[in-house]
Amino acid sequence: MSTFSIMATAKSIPDKVVTNDDLAQIMDTSDEWISRRTGIRRRHVVTTETNTSLATNVAKQLLAKTHVSPEEIDFIIVATMSGDQLMPSTAAAVQGLIQADNAMAFDISAACSGFSYGLDLLHSLLATHPDSTGMLIGSEALSKLIDWQDRTTAVLFGDGAGGLLVTNKQSADYDGQFLSGKLSTYGADGDSLTMGKIANHSPFVSGDAKSDLPLHMDGHRVFDFAIRRVPESIREAVAQANLKLSDVDFFILHQANQRIVKSVARKLKLPFDDRFPINIDEYGNTSAASEAILLAELVEDGKIKRGDILVMTGFGGGLTTGTVVIKY
Ligand code: ACO
(Lines give C-alpha, C1' and ligand atoms only; values in the text may rest on other atoms or scores of the structure.)
Protein backbone atom coordinates (compact mmCIF):
# COMPACT_ATOMS: atom_id res chain seq x y z
CA MET A 1 0.00 0.00 0.00
CA SER A 2 1.56 3.29 -1.01
CA THR A 3 1.67 6.46 1.01
CA PHE A 4 -0.74 9.05 -0.34
CA SER A 5 -1.18 11.74 2.26
CA ILE A 6 -3.56 14.61 1.64
CA MET A 7 -1.71 17.53 3.22
CA ALA A 8 -4.42 20.14 2.65
CA THR A 9 -7.65 20.84 0.81
CA ALA A 10 -9.05 24.15 -0.45
CA LYS A 11 -11.88 25.61 -2.50
CA SER A 12 -12.56 28.80 -4.44
CA ILE A 13 -16.10 29.92 -5.17
CA PRO A 14 -17.18 32.81 -7.42
CA ASP A 15 -18.80 35.76 -5.60
CA LYS A 16 -21.93 36.01 -7.73
CA VAL A 17 -24.82 33.95 -6.37
CA VAL A 18 -27.74 33.04 -8.64
CA THR A 19 -30.81 31.69 -6.85
CA ASN A 20 -33.55 29.58 -8.35
CA ASP A 21 -35.82 32.63 -8.10
CA ASP A 22 -33.27 34.64 -10.11
CA LEU A 23 -33.45 31.98 -12.83
CA ALA A 24 -37.25 32.06 -12.77
CA GLN A 25 -36.95 35.73 -13.82
CA ILE A 26 -35.17 34.80 -17.05
CA MET A 27 -36.64 31.40 -17.99
CA ASP A 28 -39.79 29.33 -17.51
CA THR A 29 -38.85 27.56 -14.29
CA SER A 30 -39.46 27.79 -10.55
CA ASP A 31 -37.67 27.31 -7.25
CA GLU A 32 -40.18 24.56 -6.48
CA TRP A 33 -39.35 22.55 -9.66
CA ILE A 34 -35.58 22.92 -9.36
CA SER A 35 -35.29 22.19 -5.64
CA ARG A 36 -37.73 19.26 -5.70
CA ARG A 37 -36.18 17.56 -8.76
CA THR A 38 -32.52 18.24 -8.01
CA GLY A 39 -31.95 19.63 -4.48
CA ILE A 40 -30.35 22.78 -5.97
CA ARG A 41 -31.27 26.15 -4.41
CA ARG A 42 -28.41 28.40 -5.51
CA ARG A 43 -25.30 28.27 -7.65
CA HIS A 44 -22.31 30.60 -8.01
CA VAL A 45 -21.26 31.86 -11.42
CA VAL A 46 -18.09 33.57 -12.61
CA THR A 47 -18.27 37.26 -13.47
CA THR A 48 -14.86 38.73 -12.66
CA GLU A 49 -13.31 35.29 -12.04
CA THR A 50 -12.05 32.83 -14.68
CA ASN A 51 -11.36 29.11 -14.65
CA THR A 52 -7.66 29.95 -14.26
CA SER A 53 -8.18 32.45 -11.44
CA LEU A 54 -10.34 29.99 -9.46
CA ALA A 55 -7.77 27.21 -9.89
CA THR A 56 -4.88 29.52 -9.02
CA ASN A 57 -6.66 30.69 -5.89
CA VAL A 58 -7.00 27.05 -4.79
CA ALA A 59 -3.31 26.40 -5.53
CA LYS A 60 -2.20 29.44 -3.50
CA GLN A 61 -4.33 28.38 -0.52
CA LEU A 62 -2.87 24.87 -0.65
CA LEU A 63 0.66 26.28 -0.49
CA ALA A 64 -0.22 28.74 2.28
CA LYS A 65 -1.90 26.07 4.42
CA THR A 66 1.02 23.64 4.20
CA HIS A 67 4.01 26.02 3.97
CA VAL A 68 5.18 23.91 1.01
CA SER A 69 7.15 26.10 -1.38
CA PRO A 70 6.12 26.24 -5.06
CA GLU A 71 9.47 24.70 -6.08
CA GLU A 72 8.64 21.56 -4.10
CA ILE A 73 5.63 20.76 -6.29
CA ASP A 74 6.31 17.99 -8.84
CA PHE A 75 2.90 17.61 -10.48
CA ILE A 76 -0.03 19.90 -11.12
CA ILE A 77 -3.12 18.28 -12.62
CA VAL A 78 -6.26 20.27 -13.34
CA ALA A 79 -9.46 18.38 -14.11
CA THR A 80 -11.71 20.61 -16.19
CA MET A 81 -13.93 20.78 -19.23
CA SER A 82 -14.31 24.55 -19.20
CA GLY A 83 -10.78 25.94 -19.46
CA ASP A 84 -10.30 29.54 -20.54
CA GLN A 85 -8.76 28.30 -23.79
CA LEU A 86 -7.75 24.98 -25.35
CA MET A 87 -4.08 25.87 -25.02
CA PRO A 88 -2.21 26.52 -22.81
CA SER A 89 -3.84 24.27 -20.27
CA THR A 90 -5.29 25.68 -17.06
CA ALA A 91 -2.68 23.63 -15.18
CA ALA A 92 0.16 25.27 -17.12
CA ALA A 93 -1.28 28.70 -16.37
CA VAL A 94 -1.48 27.83 -12.65
CA GLN A 95 2.09 26.49 -12.70
CA GLY A 96 3.31 29.78 -14.17
CA LEU A 97 1.30 31.98 -11.82
CA ILE A 98 2.42 30.22 -8.63
CA GLN A 99 5.97 29.80 -9.98
CA ALA A 100 6.07 26.05 -9.42
CA ASP A 101 9.20 25.90 -11.55
CA ASN A 102 9.88 22.18 -11.05
CA ALA A 103 6.35 20.95 -11.73
CA MET A 104 4.98 19.28 -14.82
CA ALA A 105 1.45 20.50 -15.37
CA PHE A 106 -1.40 19.34 -17.57
CA ASP A 107 -5.21 19.21 -17.72
CA ILE A 108 -7.34 16.10 -17.90
CA SER A 109 -10.77 15.86 -19.46
CA ALA A 110 -13.09 13.30 -17.92
CA ALA A 111 -16.04 15.63 -17.31
CA CYS A 112 -17.70 15.08 -13.93
CA SER A 113 -15.46 12.06 -13.25
CA GLY A 114 -12.39 14.26 -13.68
CA PHE A 115 -11.53 14.60 -10.00
CA SER A 116 -11.68 10.86 -9.30
CA TYR A 117 -9.74 10.14 -12.50
CA GLY A 118 -7.21 12.76 -11.42
CA LEU A 119 -6.79 11.17 -7.98
CA ASP A 120 -6.05 7.79 -9.54
CA LEU A 121 -3.63 9.36 -11.99
CA LEU A 122 -1.87 11.39 -9.31
CA HIS A 123 -1.53 8.23 -7.24
CA SER A 124 0.15 6.48 -10.21
CA LEU A 125 2.55 9.39 -10.67
CA LEU A 126 3.47 9.46 -7.00
CA ALA A 127 3.88 5.67 -6.95
CA THR A 128 6.60 5.91 -9.60
CA HIS A 129 8.26 9.06 -8.22
CA PRO A 130 9.53 8.65 -4.65
CA ASP A 131 9.57 11.72 -2.40
CA SER A 132 7.24 13.75 -4.54
CA THR A 133 4.33 16.09 -4.03
CA GLY A 134 1.43 16.82 -6.38
CA MET A 135 -1.54 19.09 -6.64
CA LEU A 136 -4.91 18.12 -8.08
CA ILE A 137 -7.47 20.81 -8.77
CA GLY A 138 -10.97 20.48 -10.23
CA SER A 139 -11.97 23.82 -11.72
CA GLU A 140 -15.01 24.75 -13.77
CA ALA A 141 -16.50 27.88 -15.31
CA LEU A 142 -19.40 26.10 -16.95
CA SER A 143 -21.68 29.14 -17.00
CA LYS A 144 -19.97 30.34 -20.19
CA LEU A 145 -20.85 27.08 -21.96
CA ILE A 146 -24.45 26.72 -20.83
CA ASP A 147 -27.32 27.47 -23.19
CA TRP A 148 -29.15 29.97 -20.96
CA GLN A 149 -32.28 29.50 -23.11
CA ASP A 150 -32.44 25.79 -22.25
CA ARG A 151 -34.13 25.37 -18.87
CA THR A 152 -33.48 21.62 -18.88
CA THR A 153 -29.73 22.19 -18.44
CA ALA A 154 -29.26 25.85 -17.40
CA VAL A 155 -30.69 25.33 -13.92
CA LEU A 156 -28.37 22.45 -13.09
CA PHE A 157 -24.83 23.78 -13.27
CA GLY A 158 -22.58 26.13 -11.30
CA ASP A 159 -18.97 27.33 -11.24
CA GLY A 160 -16.21 26.77 -8.69
CA ALA A 161 -12.94 25.03 -7.94
CA GLY A 162 -11.50 22.76 -5.28
CA GLY A 163 -8.31 20.84 -4.84
CA LEU A 164 -5.81 19.09 -2.68
CA LEU A 165 -2.08 18.74 -2.14
CA VAL A 166 -0.76 15.19 -1.78
CA THR A 167 2.65 13.84 -0.86
CA ASN A 168 4.22 10.40 -0.65
CA LYS A 169 7.01 11.70 1.61
CA GLN A 170 7.12 10.02 5.01
CA SER A 171 5.92 12.39 7.69
CA ALA A 172 4.95 12.30 11.33
CA ASP A 173 1.97 14.54 10.50
CA TYR A 174 0.31 12.54 7.75
CA ASP A 175 -0.25 8.85 7.19
CA GLY A 176 -2.72 8.68 4.34
CA GLN A 177 -3.05 5.88 1.84
CA PHE A 178 -4.53 5.29 -1.57
CA LEU A 179 -6.45 2.03 -1.17
CA SER A 180 -8.01 1.43 -4.59
CA GLY A 181 -9.30 2.99 -7.79
CA LYS A 182 -11.95 1.80 -10.22
CA LEU A 183 -12.29 3.94 -13.33
CA SER A 184 -14.65 3.03 -16.16
CA THR A 185 -15.59 4.54 -19.52
CA TYR A 186 -18.72 3.89 -21.58
CA GLY A 187 -17.87 5.73 -24.78
CA ALA A 188 -20.69 4.14 -26.77
CA ASP A 189 -23.13 6.23 -24.68
CA GLY A 190 -21.14 9.45 -25.11
CA ASP A 191 -23.85 11.19 -27.13
CA SER A 192 -26.10 11.49 -24.08
CA LEU A 193 -23.94 14.29 -22.68
CA THR A 194 -22.00 16.55 -25.05
CA MET A 195 -20.41 20.01 -25.09
CA GLY A 196 -18.00 22.10 -27.14
CA LYS A 197 -18.33 20.62 -30.60
CA ILE A 198 -15.85 22.45 -32.83
CA ALA A 199 -16.57 22.48 -36.56
CA ASN A 200 -13.77 21.95 -39.06
CA HIS A 201 -13.49 25.08 -41.21
CA SER A 202 -10.28 24.08 -42.97
CA PRO A 203 -10.17 24.91 -46.71
CA PHE A 204 -9.80 21.17 -47.41
CA VAL A 205 -13.21 20.29 -45.99
CA SER A 206 -16.42 20.97 -47.89
CA GLY A 207 -19.82 21.71 -46.41
CA ASP A 208 -20.91 24.29 -43.89
CA ALA A 209 -20.22 22.60 -40.57
CA LYS A 210 -21.35 24.53 -37.51
CA SER A 211 -19.76 24.57 -34.11
CA ASP A 212 -22.07 23.64 -31.25
CA LEU A 213 -20.54 24.87 -28.02
CA PRO A 214 -23.30 24.59 -25.38
CA LEU A 215 -23.87 21.60 -23.15
CA HIS A 216 -26.57 19.14 -24.22
CA MET A 217 -27.83 16.35 -22.02
CA ASP A 218 -30.34 13.54 -22.21
CA GLY A 219 -31.18 13.84 -18.53
CA HIS A 220 -33.11 10.57 -18.26
CA ARG A 221 -30.33 8.52 -19.88
CA VAL A 222 -27.67 10.07 -17.68
CA PHE A 223 -29.81 9.63 -14.57
CA ASP A 224 -30.41 5.94 -15.33
CA PHE A 225 -26.72 5.46 -16.15
CA ALA A 226 -25.68 7.04 -12.86
CA ILE A 227 -27.96 5.06 -10.58
CA ARG A 228 -26.94 1.82 -12.32
CA ARG A 229 -23.19 2.30 -12.73
CA VAL A 230 -22.26 4.34 -9.66
CA PRO A 231 -23.23 1.67 -7.08
CA GLU A 232 -21.33 -0.91 -9.17
CA SER A 233 -18.26 1.33 -9.26
CA ILE A 234 -18.38 1.88 -5.49
CA ARG A 235 -18.87 -1.81 -4.69
CA GLU A 236 -15.94 -2.82 -6.91
CA ALA A 237 -13.56 -0.18 -5.55
CA VAL A 238 -14.44 -0.95 -1.93
CA ALA A 239 -13.99 -4.71 -2.52
CA GLN A 240 -10.65 -4.04 -4.27
CA ALA A 241 -9.54 -2.19 -1.14
CA ASN A 242 -10.43 -5.28 0.91
CA LEU A 243 -13.02 -3.28 2.81
CA LYS A 244 -16.75 -3.51 3.43
CA LEU A 245 -19.22 -0.72 2.79
CA SER A 246 -19.63 -0.47 6.55
CA ASP A 247 -15.93 0.50 6.85
CA VAL A 248 -16.46 3.65 4.81
CA ASP A 249 -16.81 6.90 6.79
CA PHE A 250 -17.89 9.16 3.91
CA PHE A 251 -19.22 8.60 0.40
CA ILE A 252 -18.22 11.83 -1.35
CA LEU A 253 -20.25 11.60 -4.53
CA HIS A 254 -20.31 13.98 -7.45
CA GLN A 255 -23.11 16.45 -6.78
CA ALA A 256 -25.23 16.19 -9.94
CA ASN A 257 -28.62 15.63 -8.34
CA GLN A 258 -29.55 14.94 -4.73
CA ARG A 259 -31.95 12.25 -5.98
CA ILE A 260 -29.02 10.40 -7.58
CA VAL A 261 -27.11 10.38 -4.27
CA LYS A 262 -30.21 9.08 -2.47
CA SER A 263 -30.75 6.37 -5.09
CA VAL A 264 -27.12 5.29 -4.86
CA ALA A 265 -27.40 4.98 -1.06
CA ARG A 266 -30.58 2.92 -1.49
CA LYS A 267 -28.94 0.62 -4.06
CA LEU A 268 -26.00 0.10 -1.70
CA LYS A 269 -28.59 -0.78 0.96
CA LEU A 270 -27.31 2.00 3.17
CA PRO A 271 -29.29 4.74 4.92
CA PHE A 272 -29.12 8.18 3.28
CA ASP A 273 -27.47 9.88 6.25
CA ASP A 274 -24.38 11.97 7.15
CA ARG A 275 -22.15 9.44 5.41
CA PHE A 276 -23.60 10.79 2.11
CA PRO A 277 -22.87 14.51 2.47
CA ILE A 278 -24.64 16.95 0.14
CA ASN A 279 -23.85 20.53 -0.83
CA ILE A 280 -25.61 20.70 -4.19
CA ASP A 281 -28.14 23.07 -2.61
CA GLU A 282 -25.45 25.79 -2.51
CA TYR A 283 -23.38 25.12 -5.66
CA GLY A 284 -25.38 23.12 -8.23
CA ASN A 285 -23.42 20.69 -10.37
CA THR A 286 -19.83 22.00 -10.60
CA SER A 287 -18.64 18.98 -12.59
CA ALA A 288 -14.94 18.18 -11.93
CA ALA A 289 -14.91 20.60 -8.98
CA SER A 290 -17.83 19.13 -7.06
CA GLU A 291 -16.14 16.30 -5.14
CA ALA A 292 -13.21 18.61 -4.34
CA ILE A 293 -15.42 21.41 -3.01
CA LEU A 294 -17.37 18.96 -0.87
CA LEU A 295 -14.18 17.38 0.47
CA ALA A 296 -12.73 20.80 1.32
CA GLU A 297 -15.90 21.76 3.22
CA LEU A 298 -15.98 18.52 5.21
CA VAL A 299 -12.34 18.99 6.19
CA GLU A 300 -12.92 22.70 7.05
CA ASP A 301 -15.90 21.78 9.22
CA GLY A 302 -13.84 19.16 11.07
CA LYS A 303 -16.18 16.38 9.96
CA ILE A 304 -13.47 14.36 8.21
CA LYS A 305 -10.72 13.22 10.56
CA ARG A 306 -7.30 11.68 9.95
CA GLY A 307 -7.67 7.94 9.42
CA ASP A 308 -11.20 8.19 7.96
CA ILE A 309 -11.97 6.01 4.94
CA LEU A 310 -13.27 8.08 2.05
CA VAL A 311 -14.98 6.89 -1.10
CA MET A 312 -14.83 9.55 -3.82
CA THR A 313 -16.98 8.92 -6.88
CA GLY A 314 -17.53 10.93 -10.02
CA PHE A 315 -19.77 10.18 -13.01
CA GLY A 316 -20.83 11.95 -16.15
CA GLY A 317 -19.62 12.88 -19.62
CA GLY A 318 -17.86 10.22 -21.62
CA LEU A 319 -19.81 8.53 -20.23
CA THR A 320 -17.52 7.81 -17.31
CA THR A 321 -17.52 6.69 -13.72
CA GLY A 322 -14.62 6.78 -11.30
CA THR A 323 -14.31 5.73 -7.68
CA VAL A 324 -11.23 5.96 -5.50
CA VAL A 325 -10.93 4.77 -1.92
CA ILE A 326 -8.56 6.73 0.29
CA LYS A 327 -7.51 6.65 3.90
CA TYR A 328 -7.42 10.33 4.83
N1 ACO B 1 -38.17 24.05 -14.84
C2 ACO B 1 -39.44 23.62 -14.96
N3 ACO B 1 -39.78 22.56 -15.69
C4 ACO B 1 -38.80 21.87 -16.30
C5 ACO B 1 -37.45 22.25 -16.20
C6 ACO B 1 -37.16 23.39 -15.44
N7 ACO B 1 -35.89 23.83 -15.28
N8 ACO B 1 -36.70 21.38 -16.92
C9 ACO B 1 -37.55 20.48 -17.45
N10 ACO B 1 -38.81 20.79 -17.07
C11 ACO B 1 -40.04 20.06 -17.39
C12 ACO B 1 -39.90 19.17 -18.60
O13 ACO B 1 -40.12 19.89 -19.78
C14 ACO B 1 -40.97 18.13 -18.35
O15 ACO B 1 -42.21 18.68 -18.72
P16 ACO B 1 -43.33 17.75 -19.41
O17 ACO B 1 -43.65 16.69 -18.38
O18 ACO B 1 -44.44 18.71 -19.66
O19 ACO B 1 -42.68 17.19 -20.63
C20 ACO B 1 -40.95 17.99 -16.84
O21 ACO B 1 -40.33 19.18 -16.33
C22 ACO B 1 -40.20 16.79 -16.32
O23 ACO B 1 -38.90 16.74 -16.94
P24 ACO B 1 -37.94 15.53 -16.71
O25 ACO B 1 -36.79 15.67 -17.64
O26 ACO B 1 -38.73 14.25 -16.77
O27 ACO B 1 -37.46 15.75 -15.21
P28 ACO B 1 -36.59 14.80 -14.32
O29 ACO B 1 -37.31 14.54 -13.06
O30 ACO B 1 -36.06 13.63 -15.10
O31 ACO B 1 -35.34 15.71 -13.95
C32 ACO B 1 -33.01 16.09 -14.50
C33 ACO B 1 -34.45 16.18 -14.98
C34 ACO B 1 -32.88 16.90 -13.22
C35 ACO B 1 -32.10 16.67 -15.57
C36 ACO B 1 -32.63 14.60 -14.23
O37 ACO B 1 -32.99 13.83 -15.34
C38 ACO B 1 -31.19 14.40 -13.92
O39 ACO B 1 -30.69 14.75 -12.84
N40 ACO B 1 -30.43 13.76 -14.84
C41 ACO B 1 -29.02 13.44 -14.58
C42 ACO B 1 -28.12 14.63 -14.70
C43 ACO B 1 -26.72 14.21 -14.33
O44 ACO B 1 -26.52 13.36 -13.49
N45 ACO B 1 -25.72 14.77 -14.94
C46 ACO B 1 -24.41 14.26 -14.47
C47 ACO B 1 -23.40 14.48 -15.30
S48 ACO B 1 -23.18 16.10 -15.69
C49 ACO B 1 -21.69 16.15 -16.52
O50 ACO B 1 -20.97 15.19 -16.68
C51 ACO B 1 -21.41 17.45 -17.14
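The values are calculated or read from the model by the stated rules, or taken from the named source; none is laboratory data. Just so you know, these numbers come straight off a predicted model, no measurement behind them. When we count neighbours, we look across all protein chains shown, and the Cβ atoms used for this are built from the backbone with ideal geometry, even at glycine. Accessible surface areas use protein heavy atoms only, side chains included; no ligands, DNA or RNA. Shrake-Rupley method; radii C 1.70, N 1.55, O 1.52, S 1.80 Å.
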quick note, the chain, DSSP beta bridge pairs, % antiparallel (nearest 5) is 70
Of the candidates His123, Gln85, Asn200, the farthest towards the positive dipole end of the chain (Lys/Arg Cβ +1, Asp/Glu Cβ -1, centred on the Cα centre) is His123
Quick one: ranking His67, His254, His216 by accessible area, 1.4 Å probe, largest first, what do you get? His67, His216, His254
With +1 on the Cβ of every Lys and Arg and -1 on the Cβ of every Asp and Glu, and nothing else charged, how large is the dipole of the range 177-327 about its Cα centre, in debye rounded to the nearest 20? 520
Cα-centre dipole for the chain with unit charges at Cβ (Lys and Arg positive, Asp and Glu negative), debye to 20: 880
Quick check: net charge around Gly114, other residues with Cβ under 10 Å of its Cβ, Lys/Arg +1 and Asp/Glu -1? -3
Accessible area of Leu268 in the full protein assembly, 1.4 Å probe (Å², nearest 10): 10
For the chain, the Kirkwood Rh over every pair of distinct alpha carbons, in Å, works out to 19.8
From the helices alone, meaning DSSP H stretches of at least four residues, give me the mean residue ellipticity at 222 nm for the chain, per-run term -39500 (n - 2.57), in deg cm²/dmol to the nearest 500. -9500 deg cm²/dmol
Can you give me the orientation-averaged projected area of the convex hull built on the Cα atoms of the range 5-167, in nm²? 9.7
Placing +1 on each Lys and Arg Cβ and -1 on each Asp and Glu Cβ in the chain, then taking the dipole about the Cα centre, the residue among Thr38, Ile326, Ile227 whose Cα reaches farthest towards the positive end is Ile227
